[in-house]
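A.B. asks: Here it is, the structure in full.
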Amino acid sequence: VGSPFSLQNTVTTGIVSTTQRGSRQLGLHNSDVEYIQTDAIINDGDVIGINTLKVTAGISFAIPSDRIRQFLADSYERQRKGRMQPKKKYIGIRMLQLTPSLIMDLKERESDFPKLSAGVYVYEVIPGTAASSAGLRANDVIVSIDGQPVRSADDISHAVQSSKTLSVTVRRADMDYLPVLLSGVLGVTDFLSQRCI
């Protein structure tokens, strides 16, 4: 989606015709690179983000380019000064804050999605982590930690950084609230998205 040559609201499909178009077929005789051929229209433009998260078909997210630029600048500066980024704690989930539109989309895709107005949706549990060992599952919704309501991914991030053991309450499908005890949460977070907690 873009506006090349001042044409508003242009959309291309991005269909891949072939994944191995040889450079010689394109008249590039001094190269042995194989290209992906697509019908996407390419014009000069600005990067606005990098696609990183796919929750379900039709729901995906990108990291804004400003955040990536800041991460790269900070990382370069730390490396230049010989400092390493301190390790952060994590429990091993990928998550999204529930919003009214996300809840509506999830209810359309999952017939047993719980009736909730707030919480954090777990769309992936990373094997071999504290969350996996404690029994958290993809599609769980975290509603409280240590008795405090959870309304955002930041609530979970702050709780994980401040404690080694967490008492987590989740909703799983239409089941009642399930208590989950998480312990041993030390690890390294996802370096860009901060959504691997």
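No value in this document is a laboratory result; all are computed from the given coordinates. Not measured: the values here are computed from a predicted model. Cβ coordinates were reconstructed from backbone atoms using ideal geometry, including for glycine residues, and neighbour counts include every protein chain displayed.
A.B. asks: Once both labels are modelled 7 Å past Cα along the beta-carbon direction, what's the Phe61-Thr13 spacing in nm?
C.D. replies: Rounded to a tenth, the inter-label distance reads 3.1 nm.
A.B. asks: Order of 113-122, 137-146, 20-29 by packing, highest average Cβ count within 10 Å first?
C.D. replies: Taking the mean over residues of other Cβ atoms within 10 Å, the ranking is 137-146, 113-122, 20-29.
A.B. asks: Quick one: Karplus J couplings for region 155-166, per residue in order, coefficients 6.51, -1.76, 1.60, θ = phi - 60°, nearest Hz, x for Gly and Pro?
C.D. replies: 3J(HN,Hα) across region 155-166, in whole Hz: 4, 5, 4, 5, 5, 5, 6, 9, 8, 8, 10, 10.
A.B. asks: Excluding same-chain residues fewer than 8 positions from Lys54, which aspartates and glutamates have a Cα within less than 12 Å of its Cα?
C.D. replies: Result set, ordered by chain and number: Glu124.
A.B. asks: Next question, about the same structure. Near the amide H of Lys89, under 5 Å away, which other amide H atoms are found, from residues 5 or more places off or on another chain, if H is placed in the peptide plane?
C.D. replies: So Lys89 has HN proximity to Gly187.
A.B. asks: In terms of modelled amide H atoms, which long-range or inter-chain residues lie less than 5 Å from the amide H of Thr52?
C.D. replies: Correct list: Phe61, Ala62, Ile63.
A.B. asks: What is the packing order of peptides 94-100, 176-182, taking the mean over residues of other C-beta atoms within 10 Å and listing the highest first?
C.D. replies: Packing proxy ranking, top to bottom: 94-100, 176-182.
A.B. asks: Also: Please list, ordered by chain and number, the residues whose modelled amide H lies under 5 Å from the amide H of Gly22; skip anything fewer than 5 residues away on the same chain.
C.D. replies: Those qualifying (amide H under 5 Å, at least 5 residues apart or on another chain) are Tyr35.
A.B. asks: In whole Hz, with x marking every Gly and Pro, tabulate ³J(HN,Hα) for region 113-127 from phi via Karplus 6.51 cos²θ - 1.76 cosθ + 1.60, θ = phi - 60°.
C.D. replies: Residue by residue, region 113-127 yields 4, x, 7, 9, 10, 8, x, 10, 7, 8, 9, 7, 10, 7, x Hz.
A.B. asks: At what distance in nm do the modelled label points of Tyr177 and Asp146 sit from each other, each positioned 7 Å from its Cα along Cα→Cβ?
C.D. replies: Computed distance between label sites Tyr177 and Asp146 equals 1.7 nm.
A.B. asks: Quick one: length gained pulling Lys107 to Ser23 fully straight, 0.36 nm per residue minus the C-alpha distance?
C.D. replies: So the extension gain works out to 25.5 nm.
A.B. asks: Further, regarding this structure: Please arrange Tyr35, Tyr123, Tyr90 by how many other C-beta atoms lie within 10 Å of their C-beta, fewest to most.
C.D. replies: Lowest to highest Cβ neighbour count: Tyr35, Tyr123, Tyr90.
A.B. asks: Then there's this: For region 114-186, restrict the atom set to alpha-carbon positions and state the Rg and Dmax in Å.
C.D. replies: Taking only Cα atoms of region 114-186, I get Rg and Dmax of 11.2, 32 Å.
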